[in-house]
Amino acid sequence: MQITFLGTGTSQGVPMIGCHCPVCRSLDYRDKRLRVSVHIQTQGKSLIIDSGPDFRQQVLRERIDHLDALIFTHEHKDHTAGMDDIRAYNFRQQQDMPVYAEPRVLEQLKREYAYIFAENKYPGVPKVQTMPIVSDTDVFMVEGVTVQPIRALHYKLPVLGFRIGNFTYITDANYLSPESLDLVRGSEVVVLNALRHEQHISHFSLQEAVDILTELAPRRGYLTHIGHQLGRHHDVEATLPDFVRLAYDGLRVEVA
């Protein structure tokens, strides 16, 4: 399995518009963070979790010419605003795009992208096949790939993380139940969000994420959904345990 981090930034991205802090002014490419998303290649399939506002830029940068399915963690705009750009894959692959999400999220997508789901569609709009994720505990299949949903809370909003084989991806969360942690346990690679140093109402802080990773003890842990308040990549990474790294846009990770 190959994992590519398409984006590792928070909802406003890094640099943030109008900000002149050292992180936003950094020349280090690892401090340039588009909105959070990840590409998974496994069993001959190409899957993407979340399509934020930077989706088109991300897939062009990584030369992702084929996409088998799109999976959503939740309905916030920084995770869904790029869905219109799947139309390129519709044209290229001559088929509807399977879109996997909880029923509540699918309903939100239908409201925000009413033209996609209209009875009389304008020519050329994206074509999707909605695939409801009806259980937050039972595995489901995405184009033949087994996916384990993992329930998390994003403040009071229920969101999903996902485990595929030995890889677990959880973003936009600030609470994982003991039962959810048990579903993650044993993963070779675990990705968690870590917004900043200070506690936040809806995201793990750096220390909270590191503590969870330390308790789970994966072979490798990566942090994503990073805000400019966290600090420069080089400085923060030097403070982390050896098995924990900051993810960055374009990072590729191999998982057995």
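The values are calculated or read from the model by the stated rules, or taken from the named source; none is laboratory data. This structure is a prediction, so every number in the text was calculated from the model and none was measured. Here Cβ is always computed from backbone atoms with ideal geometry, including for glycine, and neighbour counts include all displayed protein chains. Side chains are part of the model used for accessible areas, which takes the heavy atoms of the whole protein and leaves out ligands, DNA and RNA. Shrake-Rupley method; radii C 1.70, N 1.55, O 1.52, S 1.80 Å.
Results, tabulated for the structure shown:
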quantity: Acute angle (nearest 10 degrees) that the helix 103-112 long axis makes with the longest principal axis of the chain, alpha-carbon atoms; calculated: 70
quantity: Under 5 Å, built H, 5+ apart or other chain: amide partners of residue 191; calculated: 168, 169, 170, 222
quantity: In nm, spacing of pseudo-spin labels at residue 56 and residue 175 (7 Å Cα→C-beta vector); calculated: 3.9
quantity: Between segment 112-128 and segment 144-158, the Cα center-to-center distance that results, in Å; calculated: 27
quantity: Förster radius 22 Å - calculated FRET efficiency between residue 252 and residue 127 (Cβ-Cβ, nearest 0.05); calculated: 0.15
quantity: Which of 49, 72, 60, positive extreme of dipole for segment 34-85 (C-beta unit charges); calculated: 60
quantity: Net charge of Cβ neighbours under 15 Å - reference residue 9; Lys, Arg +1; Asp, Glu -1; calculated: +1
quantity: Segment 54-59 - phi-based ³J(HN,Hα) in whole Hz, Karplus 6.51/-1.76/1.60, Gly and Pro as x; calculated: 9, 3, 4, 4, 5, 6
quantity: Rounded to 10°, Cα long-axis angle of helix 206-216 versus longest principal axis of the chain; calculated: 80
quantity: Accessible surface, per residue, of segment 67-137 when the full set of protein chains is kept, probe 1.4 Å, Å²; calculated: 50
quantity: Förster radius 41 Å - calculated FRET efficiency between residue 2 and residue 120 (Cβ-Cβ, nearest 0.05); calculated: 0.50
quantity: Given charges at Cβ of Lys, Arg, Asp, Glu: the chain dipole, positive-most of 16, 221, 149; calculated: 16
quantity: Option label - Kirkwood radius over Cα pairs in Å computed here, alternatives [x] 18.4; [y] 17.7; [z] 21.4; calculated: [x]
quantity: Carbon plus sulfur fraction of accessible area for segment 133-256, probe 1.4 Å, in percent; calculated: 52
quantity: Inter-label distance for residue 153 and residue 77, nm, one decimal - labels placed 7 Å from Cα along Cα-to-Cβ; calculated: 2.6
quantity: Rounded, prolate or oblate (a/c below 1.5 giving rounded, otherwise prolate when a/b exceeds b/c) for segment 35-186 by Cα gyration tensor; calculated: prolate
quantity: Segment 2-148 - charge dipole about Cα centre, Lys and Arg +1 at Cβ, Asp and Glu -1, debye rounded to 20; calculated: 500
quantity: Cα centroid of segment 67-88 to Cα centroid of segment 211-256, whole Å; calculated: 24
quantity: Value of [θ]222 nm, deg cm²/dmol, for the chain, DSSP H segments ≥ 4, -39500 (n - 2.57) each, nearest 500; calculated: -5500 deg cm²/dmol
quantity: Cβ charges +1 (Lys, Arg) and -1 (Asp, Glu), total dipole of the chain, debye; calculated: 580
quantity: All lysines inside 25 Å of residue 32 as judged from Cα atoms, apart from same-chain residues fewer than 8 positions distant; calculated: 77
quantity: Residue 63-residue 21 FRET efficiency (beta carbon distance; Förster radius 41 Å; 0.05 resolution); calculated: 0.80
quantity: Of all DSSP beta bridges in the chain, antiparallel share, percent nearest 5; calculated: 55
quantity: 3J(HN,Hα) from dihedral phi, segment 27-39, Karplus parametrisation 6.51/-1.76/1.60, rounded to Hz, x for glycine, proline; calculated: 9, 6, 4, 6, 8, 9, 10, 7, 5, 6, 5, 9, 10
quantity: Within straight-line cross-link reach of residue 110, aspartates and glutamates at Cα separation under 17 Å, skipping those fewer than 8 residues along the same chain; calculated: 50, 75, 78, 84, 85, 96, 102, 119
quantity: About the Cα centre, charge dipole magnitude for segment 178-256 (Lys/Arg +1, Asp/Glu -1 at Cβ), debye; calculated: 220
